[in-house]
Amino acid sequence: RDPKTRKISKSDFRDRIVHHAIVNIFEPIFEKTFIYDSCSCRLDKGMHKAINRFRDFAYTVSQNHTKTVWVLKGDIKKFFASIDQSILSALINRSIMDKDVQWLMEQIIGSFYVEKGKGLPLGNLTSQLLVNIYMNEVDQFIKHTVKARYYIRYADDFVVLSSDKQWLQDILPHINDFLYNILRLRLHPDKVFIKTLASGVDFLGWVHFPYHRVVRTATKRRMLKTVKKKKGDKVVIQSYLGLLQHGNAQKLSLKIGRMTSAIKYPNSSRPWRVSE
């Protein structure tokens, strides 16, 4: 199934300049409050860092593959549309004391809404930072109150790893209560699970196992469909081949290579390129 359609909002040029200025000022202030394993839209973090951290955590929890690894996976329902603007403003005002800046942020946050007082736009540079400010409350709760040692978050997706299934079952209601009572967010009932790593854990576009990770079946189909339509688009092909290097996807890479005349430098670890 193709990914769900998302509405991207784009500010005009003047507003984008203001957004860049705000991020440049705010980032040093808030960055030092974020946990190490908050991986979305931060310098030297990102999706690949998150999935590699997941691999390292899994190895540690398994004690060199001698114990079963259980994973609690959570996803926020209608995340961007559900962000409470008054709560977000209050979180910002705890660290930003200047009244003019507080007023400006309230104008920016309130300029978009799904329903009155709710929502952040996808597409604004400020939204990336504001999401991390908002979700930092969850990060701090899970790390320091729940005391989850092996926790990773990317945007509204998060995982907690443990060798104790019962402990994960016990902490889930507390996380759910915190999300709703403090941030007015809800976990998506169809996207929350506790399962073993050996059964395959879907996280950030890959299905993870103890010794490897593979591309989702739906993602694989979508890639092949896109490649078939855009054989001549070198940027698309190269981006796919680059992505596939981060998991066990040699067969899919070869298939895309055959479909597009992509070649690999012989006897080299250099990446795929599309032949001219």
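The values are calculated or read from the model by the stated rules, or taken from the named source; none is laboratory data. Every value quoted in this text rests on a predicted model; they were computed, and no experiment measured them. Neighbour counts are summed over all protein chains in view; Cβ atoms, including those assigned to glycine, are modelled from backbone coordinates with ideal geometry.
Might you let me know whether segment 231-249 holds any residue that is among the β-branched types (Val, Ile, Thr), surrounded by 14 or more Cβ atoms within 10 Å (Cβ to Cβ) and either at pLDDT 80 or above or within 28 Å of the chain's Cα centre (by Cα) (or both)?
yes
Pick out the one residue from Lys45, Lys78 that is out of contact with any helix residue (DSSP H, G or I) (no Cβ under 7 Å at 6 or more places or on another chain), buried (at least 16 other Cβ atoms within 10 Å of the Cβ) and closer than 30 Å to Asp202 by Cα.
From the options Lys45, Lys78, the qualifying one is Lys45.
Sort out for me the helices (runs of 4 or more DSSP H) sitting completely within segment 66-119 that have 3 or more residues that are in contact (Cβ under 8 Å) with a residue 40 or more places away in the chain, within 25 Å of Ile152 (Cα to Cα) and in the same structural domain as Val18 (by TED's automatic domain parsing).
79-82, 85-93
Assess whether Phe30 counts as being in contact with a helix residue (DSSP H, G or I) (Cβ under 6 Å, 6 or more places away or on another chain) and in a loop (DSSP other than H, G, I, E, B).
Here the answer is no, as Phe30 does not meet what is asked.
Kindly evaluate Asp139 against the criterion of being assigned by TED's automatic domain parsing to the domain that holds Glu106 and without any contact (Cβ under 8 Å) to a residue 12 or more places away in the chain.
No; evaluated as a whole, the condition is false for this residue.
I'm trying to understand the selection: among the residues of segment 149-161, which are surrounded by 21 or more Cβ atoms within 10 Å (Cβ to Cβ) and over 15 Å from the mean Cα position of the chain (by Cα)?
Passing the criteria: only Leu161.
Mind checking which residues of segment 122-146 are outside any helix (DSSP H, G or I) and surrounded by fewer than 20 Cβ atoms within 10 Å (Cβ to Cβ)?
Within segment 122-146, Leu122, Gly123, Val146 qualify.
List the number of the failed condition for Asn52; all other conditions in (1) closer than 27 Å to Leu125 by Cβ; (2) part of a loop (DSSP other than H, G, I, E, B) hold.
(2)
Taking the options Asp56, Asp75, Asp37, name whichever one is modelled with pLDDT of 95 or more, touching an Asp or Glu at 6+ places or on another chain (Cβ under 6 Å) and not aromatic (Phe, Trp, Tyr).
Asp75
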